[in-house]
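Reading through the structure tokens given below for one structure.
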Amino acid sequence: MFDKSRDILAYHDSEVTLPQAVRTAMRDRRDSNRDRLKTQLNADGKPLPREFIKQGSYAMKTMAQDSDDDYDIDDGVYFTRESLQDADGVDMAPKAARRMVCKALQYSRFNRDPEVKTSCVRIYYDAGYHVDMPIYRIVTKYGYEVYELAAGDKWVESRAVDVEEWFDNENQRQSTDTTNGRQMRRITRLIKKFARSRNKWKTNIAAGFTITKLVQEHFSPNADREDKAVRDTMKNIHARLQWNLEVQHPVTPNAMLTDGPNDAKTAYLRDRLKETLDELAVLDEHDCTSRQAADAWDIAFDTTFFSQRVSEAAKAANITVLDNLLSKREQPRQYEKEGGGRFA
Amino acid sequence: MTAGALAQSVTAVNDTLKAFPAVRELTAAELASYKSTFVAGWEIPGLVRDQALNLRVLLPEDSPFGRPRIAVHPAPPLLAWPHLEEHGLLCIVPSNASHQLRNPGDLAVTLLEEGRQLVNECLNGTNQEDFELEFESYWSRWPKATARLIWLCRHDGPTREVFAWKSTHGVIVSDSPAELRDWVRNRFPQSSDTPSIIAIPLVRLDRPPRPDRYPATISDLLNLAGEANAAFIERYILGQESEVVACVAASARGHATFGFRYNLTDNATRRGGRKVERGFRPGKMPAKIRMMRYRSLPVQGARVERMDASWIHGRDQNEMSDRLKTKHVVLLGVGSLGSGVASLLAQTGVGTIDLVDSELLHSQNLSRHELGASSTGLKKASEFAKSLRARLPHLNISGYDLDAYAFAKQHPEKLVEADLVISVMGDWRAETWLNSAAIETRRARPTMFTWMEPHAAAGHAVCVQDEGPCFRCLFDESGNAHVKATKWRERTTRDVPGCAGSFQPYGAIELSNCQSLAADLAIAALTGGEARPVHRTWLAREKNLTAAGGEWSDEWIERYGSPNVGGQIVEVPFEIWSGCPEHRKQ
């Protein structure tokens with residue numbers, strides 16, 4: 001296979017992983033929301049959360065850059081059960097809890113007001129970016145603390161907080177390296193980036209968490225070749241989806257990430273993987289050129305990054321070639337400025 | 001005829017350039033965009049500091065005889081960089097350079113490297129001084145330099161008032177009204193216009209301006225000129241005497257001359273009043289406000305065509321030019337030899353030349369005279385003077401349709417005062433008279449005599465001073481030279497139908513050597529290079545001498561040695577002849 005490992009790593013570092021400045025901005029917004037929530041709940045005489053715990057792709061650090069800045073941060077708000085009971089010990093309804101949090105998050109500077117959703121409160125920022133704050137209550141069962149999500153009209157046990165731990169453990173266990181987030185995390189980001197590379201795919205393709213689970217299941221590590229790792233993982237996922245489109249939640253027992261055995265979104269992912277793997281077949285041809293390999297990866301990720309790198313490398317090499325050609329000239333003096341000393 | 005060589009050249013350059021990993025052949029449309037006949041081209045990115053710029057190698061249709069050109073793409077605007085031509089072509093090698101033809105690929109690579117260095121220097125801004133050193137190349141490319149100045153002034157003087165005439169040919173500028181009138185009369189003899197002469201400022205700047213300082217308005221011009229010069233220019237603007245400014249500035253490569261025109265009267269309102277006077281009664285606007293309003297008016301650049309002596313006779317690098325400009329030569333005889341000598345003296349820059357000859361030009365003279373068919377039947381002296389004045393209008397050239405005696409009678413002072421009198425008459429009677437007159441009047445300055453032997457196989461130029469040998473010292477009583485260079489088996493003069501009609505056969509080529517012999521000695525005499533009596537002889541190639549039926553004379557061989565194959569100038573001893581009638585008189 002034509003070696004584009006360095007280009008894949010460069011693509012990941014440049015175009016996939018979130019720049020630190022973006023992560024910092026996200027964290028700052030998250031912290032502002034937390035502070036605003038606590039302040040307003042206090043002012044309203046409402047119960048205060050015991051803690052906040054980040055969750056989702058933001059917590060797992062598997063977010064990939066999005067051309068529309070369509071990022072979704074999940075920041076869980078955790079109340080004790082007791083704090084959500086009234087004077088008579090009656091539990092606050094899930095919807096009421098969400099409304100309470102939503103009201104406390106209102107802020108005159110938002111262009112769009114926060115909204116109560118089925119399982120969270122959503123705070124909107126410009127350019128499609130939003131923060132979801134699911135509301136949890138901490139319940140003691142059998143001597144253990146259990147977290148219940150305010151989902152719809154019910155309090156539903158949820159182990160979202162365990163997802164981050166699950167991913168970190170798997171990343172450490174399966175990756176052969178220890179730097180740059182480790183390889184499984186990088187491959188997760190790359191395949192999520194692939195899945196959202198075309199606007200028309202975004203709403204039709206499997207969710208990011210589903211993809212994360214599939215990568216964890218079928219990750220193909222390669223210490224020396226990042227390009228092989230991503231392609232082989234894609235192959236593995238495609239093969240898996242060909243016989244089973246259902247994906248289980250990694251930590252919540254009996255919970256599924258997909259919608260039945262014929263889940264349309266995982267099927268869509270399967271079909272897009274097939275097309276892409278067909279395009280990448282050129283990498284295995286014995287006379288595959290650097291330009292052809294770059295073009296194939298460009299198609300895979302719907303980008304011009306790889307071909308531009310080929311052009312840039314060629315450009316950079318031109319100056320060295322010129323020096324070489326100059327040194328090989330038959331004679332250094334190629335012309336006489338004064339025409340050989342003849343005049344008329 | 002050279003299609004095969006072109007094809008090989010294209011292949012060779014292509015084979016060389018394909019070593020670049022990123023190289024692209026130019027399309028036919030891209031080649032056509034250069035408005036020159038380039039038949040092949042290649043673009044190579046990544047060679048210069050700005051990665052957005054690419055270099056191109058362009059092969060002309062006469063390659064390999066014609067050199068490749070290097071261009072930068074996309075092209076910066078003209079005048080953004082020195083050495084940048086239209087369409088991004090780079091001026092790397094002078095047009096008169098020679099190059100090796102064997103390996104077009106190597107040449108292309110060399111020029112590519114020089115183009116790379118040039119572009120990087122332009123990007124770094126380290127060669128901006130070249131805008132000053134090669135000022136005229138950039139000034140002529142400035143779109144606003146559309147006016148024309150014809151320059152007759154001294155280039156090395158200070159800021160001063162000079163004089164101008166606005167003609168249909170451009171504005172002619174001179175240090176004196178008299179010089180301006182003479183020049184116009186010489187240059188445009190057919191014109192019936194009387195020059196209307198105005199005074200204008202000529203300002204000397206410290207250095208030629210760079211394109212970013214080319215003025216768009218009068219205000220810009222005054223800023224460029226500097227405070228003292230600006231005040232000087234303002235006097236003329238306010239006086240509305242002129243709408244022209246002439247400028248000169250020295251650089252390491254010589255003097256740059258340029259100018260400006262502006263229009264103070266173009267500023268009229270629809271009712272015929274002047275916008276610049278808006279708000280004031282006519283004639284009541286304070287000068288300060290008027291000047292302030294004038295400052296915003298646009299200026300037009302003027303390209304200069306220098307027609308002054310210093311430029312024409314050596315591009316300011318001929319030390320003799322100034323000296324020769326002041327010299328006066330009387331040239332007696334404007335025949336085949338004399339017309340050529342006169343032409344050479346004028347081209348060398350002798351300031352005043354009086355041509356004297358009473359004869360008419362005939363058609364049989366055309367093959368070896370400076371004049372042409374349009375002058376046949378006309379007097380040689382005045383006609384040739386007119387021709388020389390039109391060719392070099394800054395010189396003072398007069399024609400006198402007189403023989404030498406009549407000229408001496410009518411203009412005796414000229415023969416006395418001239419820095420050099422040259423006889424090109426080849427006439428014993430006239431020349432002995434001239435020789436005697438020079439001795440009698442104790443003419444302090446040199447007199448020259450020049451003539452040719454048969455078939456112009458030898459030419460003589462003799463310069464006599466107030467003391468020492470004279471013209472007569474070289475000849476016996478009947479006018480035979482004591483020592484001739486050539487001898488002939490048969491009579492060389494040919495006859496034609498006509499009383500005493502005969503001619504000496506020689507052509508323009510043989511003649512030219514004798515003309516340059518005489519002119520060279522004349523210049524030496526004028527510039528003090530020869531302060532003693534001198535006799536120089538041109539000896540033609542022996543092959544030509546033999547072909548014409550002649551041979552070297554025994555006397556010459558005995559006295560001065562054999563000329564052998566000839567084709568040389570020799571200086572022979574020139575001494576007083578004891579039998580010279582003039583010296584015996586004394």
Take the Cα atoms of the protein assembly as shown, find their three principal axes, and give me the spread along each one in whole Å, biggest first. 159, 82, 42
If you line up the Cα atoms of segment A:303-343 on their principal axes, what length do they span on each, largest first, in Å? 60, 21, 9
Sparse-neighbourhood loop hits (trypsin sites (Lys or Arg not before Pro), segment B:91-192; DSSP loop; Cβ within 10 Å at most 16 others) -> B:ARG102, B:ARG141, B:LYS144
Förster radius 22 Å - calculated FRET efficiency between A:ASP86 and A:ARG50 (Cβ-Cβ, nearest 0.05): 0.75
Nearest-ten-degree value, helix B:336-348 long axis tilted from longest Cα axis of chain B: 40 degrees
Work out the length of the dipole vector of the protein assembly as shown about its Cα centre, built from +1 on the beta-carbon of each Lys and Arg and -1 on the beta-carbon of each Asp and Glu, and round it to the nearest 20 debye. 2700 debye
Rounded to the nearest 10 degrees, what's the angle between the helix B:104-124 long axis and the longest principal axis of chain B, both from Cα atoms, 0 to 90? 60 degrees
Å³ per residue enclosed by the Cα convex hull of segment A:186-275: 90 Å³
With the dipole of chain A defined by +1 on each Lys or Arg Cβ and -1 on each Asp or Glu Cβ, the option from A:GLN174, A:ILE211, A:LEU326 whose Cα lies farthest towards the positive pole is A:LEU326
Based on a Kirkwood Rh over C-alpha pairs, give the Stokes-Einstein translational diffusion coefficient of segment A:203-344 at 4 °C and viscosity 1.567 mPa s in µm²/s. 67 µm²/s
Grab the Cα-Cα distance for B:ARG391 and B:GLN300, subtract it from 0.36 nm times how many residues apart they are, and report the gain in nm with one decimal. 29.8 nm
How high is the relative contact order of chain A, in percent, counting Cα pairs under 8 Å that sit 6 or more residues apart? 15 percent
Loop-located GluC sites (Glu not before Pro) in segment A:233-291 whose Cβ has at most 16 other Cβ within 10 Å (DSSP): A:GLU246, A:GLU285
Under a Cβ-only charge scheme (Lys and Arg +1, Asp and Glu -1), can you give me the dipole magnitude of segment A:87-161 about the Cα centre, in debye to the nearest 20? 160 debye
Loop-resident sites, segment B:535-584, for GluC sites (Glu not before Pro), counting at most 15 other Cβ within 10 Å (DSSP): B:GLU575
How large is the accessible surface per residue of chain B, computed with a 1.4 Å probe and reported in Å² as a whole number? 47 Å²
B:LYS543 versus A:THR178, label points 7 Å from Cα toward the beta carbon: distance in nm? 9.4 nm
Rotationally averaged projected area of segment A:140-203 (alpha carbon convex hull; nm²): 7.2 nm²
Gaussian network model of chain A, springs between alpha carbon atoms under 10 Å - residue of A:ALA223, A:ALA293, A:ALA316 with greatest fluctuation: A:ALA316
Can you tell me the relative contact order of chain B? Whole percent, Cα pairs under 8 Å, sequence separation 6 or more. 8 percent
Two-site FRET efficiency, A:ARG23 against A:ARG112, from Cβ-Cβ distance with R₀ of 25 Å, rounded to 0.05: 0.60
Computed over segment B:290-329, the Cα gyration tensor eigenvalues, each multiplied by 5 and square-rooted, give semi-axes in Å (largest first) of 39, 12, 8
At R0 = 45 Å, how high is the FRET efficiency between A:HIS286 and A:ALA264 if r is their beta carbon distance? Nearest 0.05 is fine. 0.70
Considering the options B:TRP433, B:ILE312, B:PHE163, tell which one lies farthest towards the positive end of the dipole of chain B, charges being +1 on Lys and Arg and -1 on Asp and Glu at the Cβ, about the Cα centre. B:PHE163
What value in Å³ per residue do you get for the convex hull of the alpha-carbon atoms in segment A:271-344? 151 Å³
Mind jotting down the three principal axis lengths of segment B:67-218 based on Cα atoms? Whole angstrom, largest first. 61, 35, 27
If you take the square roots of the eigenvalues of the alpha-carbon gyration tensor of chain B and sort them as a ≥ b ≥ c, do you get rounded (a/c under 1.5), prolate (a/b over b/c) or oblate? oblate
Just the ratio, please: alpha-carbon radius of gyration of segment A:76-180 over 2.2 N^0.38 Å, N its number of residues. 1.32
Given 10 Å bins starting at zero, what is the percent of C-alpha pairs of segment B:1-148 in each, up to the one with the largest pair distance? 11, 41, 34, 13, 2, 0
May I have the pair-distance distribution P(r) for segment B:311-417, computed from all Cα-Cα distances with 5 Å bins from 0 and rounded to whole percent? 2, 13, 23, 23, 18, 12, 6, 2, 0
Buried area at the B-A interface (accessible, heavy atoms, 1.4 Å probe, summed, Å²): 2100 Å²
Run the numbers on segment B:1-36: which residues show a drop of 10 Å² or more in accessible area, chain on its own versus all protein chains together, using a 1.4 Å probe over heavy atoms? B:THR16, B:ALA19, B:PHE20, B:PRO21, B:ALA22
GNM on chain A, Cα springs under 10 Å; top mean-square fluctuation among A:ALA267, A:ALA206, A:ALA317 goes to A:ALA317
Figure the gain on full extension for A:SER67 and A:VAL139 (residue separation times 0.36 nm, minus the Cα-Cα span) and round it to one decimal in nm. 21.9 nm
Rounded to the nearest 10 degrees, the helix A:20-43 long axis (Cα) sits at an angle to the longest Cα principal axis of chain A of 10 degrees
Rg over Rh, two decimals, segment B:150-234 (C-alpha only, Kirkwood Rh): 1.04
Rounded to whole Å, sorted largest first: equivalent-ellipsoid semi-axes of segment B:330-371, Cα gyration tensor: 19, 12, 6
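The values are calculated or read from the model by the stated rules, or taken from the named source; none is laboratory data. Please read all numbers here as calculations on a predicted model, not as lab measurements. As a convention, Cβ positions derive from the backbone with ideal geometry for all residues, glycine included, and neighbour counts pool all protein chains shown. Ligands, DNA and RNA are excluded from the accessible area calculation, which covers all protein heavy atoms including side chains. Shrake-Rupley method; radii C 1.70, N 1.55, O 1.52, S 1.80 Å.
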